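The values are calculated or read from the model by the stated rules, or taken from the named source; none is laboratory data. Since this is a predicted model, take the numbers as computed values, not measurements. Positions of Cβ are generated from backbone atoms using ideal geometry, with glycine treated the same way; all protein chains shown enter the neighbour counts. Heavy atoms of the whole protein, side chains included, go into the accessibility calculation; ligands, DNA and RNA do not. Shrake-Rupley method; radii C 1.70, N 1.55, O 1.52, S 1.80 Å.
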Amino acid sequence: MSIFDDNLIRLREIQTLENIKDEELAVLLEPAQTNYTELDIAGHKFPAWRIVYNRALGPGKGGIRFHPEVSEDEVKSLAFWMSLKNSLANIPYGGAKGGIKFNPKEVSLEELEVISRKYIDYFYNFIGQDKDIPAPDVYTNSQVMSWMLDEFEQRAGHHEPGMITGKPVELGGLTMRADATAEGGYLLTQELAKKIINKKELKVAIQGFGNAGLVMAEKLFKAHYQVVAVSDSQGGIYQETGLDIPSLITFKAQKQSVHNWTSGEKISNAELLELDVDILVLAALENQITKDNAQQIKAPYLIELANGPIDNEADQILIANHKTIVPDILANSGGVIVSYFEWAQNRTGQILAEEYLRNLLQKKMINSWQRVYDKYSGQEAVRSLRQAAYSLAVQKILVAEKWRGKI
Ligand code: NAD
């Protein structure tokens, strides 16, 4: 089953739960706009997408992924999740996502720049601070955002610094964007730990050691969680007494895989997922937990920093096994919330203090958590935090569509 078909099943569940009419749900069953091309770079073809899923709440907003497995199914699903995430976070955006199918580890820095610029060249007419605003995602970063901004400004001038977020500070970005996704996830982990788990010395395993996973590991380590295992695309490393995360970060910065870290036991990504820990943080890619491994998951609490790491069949198994899952559209929304701060600041020219913005991020994360948790605990038919989050997000989009006279 495709990732998107899985989303449709989840949407239908919300339809039943909230008595949504077919004509109303129809606006959420397919993307508003799909743009596809093959970028031609020195005779090599690079399939590239930019998909806006929904615009009821504002312009498109969502990252750009560079990965050899990028597909239309994946980009469409990521754009759908962005629509729900932005709705739940109460920020004035629809949802969008982009991607280029290639392996960025196999090209030179010069080629990476050409590919990034070519993407903006091709999609220029569809992108802009009031149309669709990209940001970083897997294997893209502030350098890629800088080339993209520069390419855009060669045609548009400096009128729209908010056309892209996740920029470096010198080009109008915010220092705190780099750790925003993990910060949001960390704040929710703290809520869980204090109000629900109620146990000292929590053991954590983290799959994925990039922008989301590495920073999460650092924050949890500083807050005295025992991070016993982490992994990247090469594999994982486990140490029962807790890994020395700061040293591991230095090691990773030397372009090393965490799998080659010498103090600890080498494990596979599959083994990491099945460890007997209190909290499992998923911070890599989609479909990491499926019906094939869901029964083996021991962690009672799962946090989806990645988008879509648990498919729908696995969800059902985990719910039946009384696991608590903090869903992606809530858990990783810190990134897009801070992108919104960057965009708003670029538009007004006002520069706001980081302390003020960090407080605002915290307020927004806790507010979303509270709304989701209240819905989940207050309505018997709501089976999971995911259903609660989806339900709130979908209903808000549909209200906006009604105001617009679209349904
Ligand atoms: P990244 O490129 O910085 O890091 C990805 C990490 O995942 C790397 O450590 C990589 O080695 C690892 N990885 C890749 N394939 C793997 C596999 N098969 N098994 C285990 N690890 C694997 O990307 P990121 O920005 O950290 O994104 C990770 C996830 O978080 C994605 O799902 C992304 O959509 C989501 N996310 C990121 C942000 C953000 O601000 N960066 C915001 C919201 C959601």
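Rundown of residues vs (1) over 24 Å from residue 120 (Cβ atoms); (2) at pLDDT below 95; (3) more than 12 Å from the ligand (Cβ to nearest atom), yes/no style:
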residue: 159; (1), (2), (3): no, yes, yes
residue: 173; (1), (2), (3): no, no, yes
residue: 177; (1), (2), (3): no, yes, no
residue: 183; (1), (2), (3): yes, no, no
residue: 196; (1), (2), (3): yes, yes, yes
residue: 199; (1), (2), (3): yes, yes, yes
residue: 204; (1), (2), (3): yes, no, yes
Exercise. Which one of these is at pLDDT 95 or above and more than 25 Å from residue 315 (Cβ to Cβ): 352, 398, 360, 385?
Worked result: 360
Seminar exercise, completed: Over the range 40-70, the set of residues among the hydrophobic types (A, V, I, L, M, F, W, C) and either farther than 30 Å from residue 233 by Cα or within 25 Å of the chain's Cα centre (by Cα) (or both) is 46, 48, 49, 51, 52, 56, 57, 64, 66, 70
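Condition check ((1) within 19 Å of residue 388 (Cα to Cα); (2) open to solvent by 20 Å² or more (accessible area, probe 1.4 Å); (3) hydrophobic (A, V, I, L, M, F, W, C)) across all residues:
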{"position": "4", "(1), (2), (3)": "no, no, yes"}
{"position": "7", "(1), (2), (3)": "yes, no, no"}
{"position": "12", "(1), (2), (3)": "yes, yes, no"}
{"position": "16", "(1), (2), (3)": "yes, yes, no"}
{"position": "19", "(1), (2), (3)": "yes, yes, no"}
{"position": "33", "(1), (2), (3)": "no, yes, no"}
{"position": "36", "(1), (2), (3)": "no, yes, no"}
{"position": "51", "(1), (2), (3)": "no, no, yes"}
{"position": "54", "(1), (2), (3)": "no, no, no"}
Seminar exercise, completed: Of the conditions (1) surrounded by fewer than 22 Cβ atoms within 10 Å (Cβ to Cβ); (2) free of Cβ contacts under 8 Å to residues at least 40 places away in the same chain; (3) farther than 27 Å from residue 368 by Cα, the single one that residue 201 does not satisfy is (3)
For this session: Confirm whether residue 187 is open to solvent by 10 Å² or more (accessible area, probe 1.4 Å), more than 21 Å from residue 138 (Cβ to Cβ), at pLDDT 95 or above and within 16 Å of the ligand (Cβ to nearest atom).
Result: yes
Exercise. Among the residues of the range 211-256, which ones are surrounded by fewer than 20 Cβ atoms within 10 Å (Cβ to Cβ) and part of a loop (DSSP other than H, G, I, E, B)?
Worked result: 223, 224, 233, 234, 239, 240, 241, 242, 244, 254, 255, 256
Exercise. Looking at 265, 240, which one is touching a residue at least 24 places away in the same chain (Cβ under 8 Å), closer than 28 Å to residue 290 by Cβ and away from the ligand (no atom under 14 Å from the Cβ)?
Worked result: 265
Seminar exercise, completed: For the range 199-210 the number of residues that are in a loop (DSSP other than H, G, I, E, B) and basic (Lys, Arg) is 2
Exercise. Looking only at the range 380-407, which residues are surrounded by fewer than 23 Cβ atoms within 10 Å (Cβ to Cβ) and either without any contact (Cβ under 8 Å) to a residue 12 or more places away in the chain or basic (Lys, Arg) (or both)?
Worked result: 380, 383, 396, 399, 402, 403, 404, 405, 406
Problem set entry | Residues (over 25 Å from residue 387 (Cβ atoms) and not hydroxyl-bearing (Ser, Thr, Tyr)) located in the range 64-91 | 64, 65, 66, 67, 68, 69, 70, 72
Exercise. How about the range 105-141: which of its residues are within 14 Å of the ligand (Cβ to nearest atom) and surrounded by fewer than 18 Cβ atoms within 10 Å (Cβ to Cβ)?
Worked result: 105, 141
Problem set entry | Search result, residues across the range 66-101 that are in contact with a helix residue (DSSP H, G or I) (Cβ under 7 Å, 6 or more places away or on another chain), surrounded by fewer than 24 Cβ atoms within 10 Å (Cβ to Cβ) and charged (D, E, K, R) | 73, 76
Exercise. Quick one: how many residues across the range 142-163 are open to solvent by less than 30 Å² (accessible area, probe 1.4 Å) and either under 23 Å from residue 176 (Cα atoms) or not aromatic (Phe, Trp, Tyr) (or both)?
Worked result: 11
For this session: Determine which member of the set 291, 363, 323 is more than 16 Å from the ligand (Cβ to nearest atom) and touching a helix residue (DSSP H, G or I) at 6+ places or on another chain (Cβ under 6 Å).
Result: 291
Problem set entry | Residue ranges of helices (runs of 4 or more DSSP H) in the range 1-118 with at least 1 members closer than 26 Å to residue 146 by Cα and touching a residue at least 12 places away in the same chain (Cβ under 8 Å) | 72-88
Exercise. If you check every pair at least six apart or on different chains, which have Cβ atoms under 8 Å apart with a residue in the range 208-219 that is in contact (Cβ under 8 Å) with a residue 12 or more places away in the chain first and a residue that is near the ligand (Cβ under 6 Å from one of its atoms) and part of a helix (DSSP H, G or I) second?
Worked result: 211/181; 212/181; 212/335; 215/181
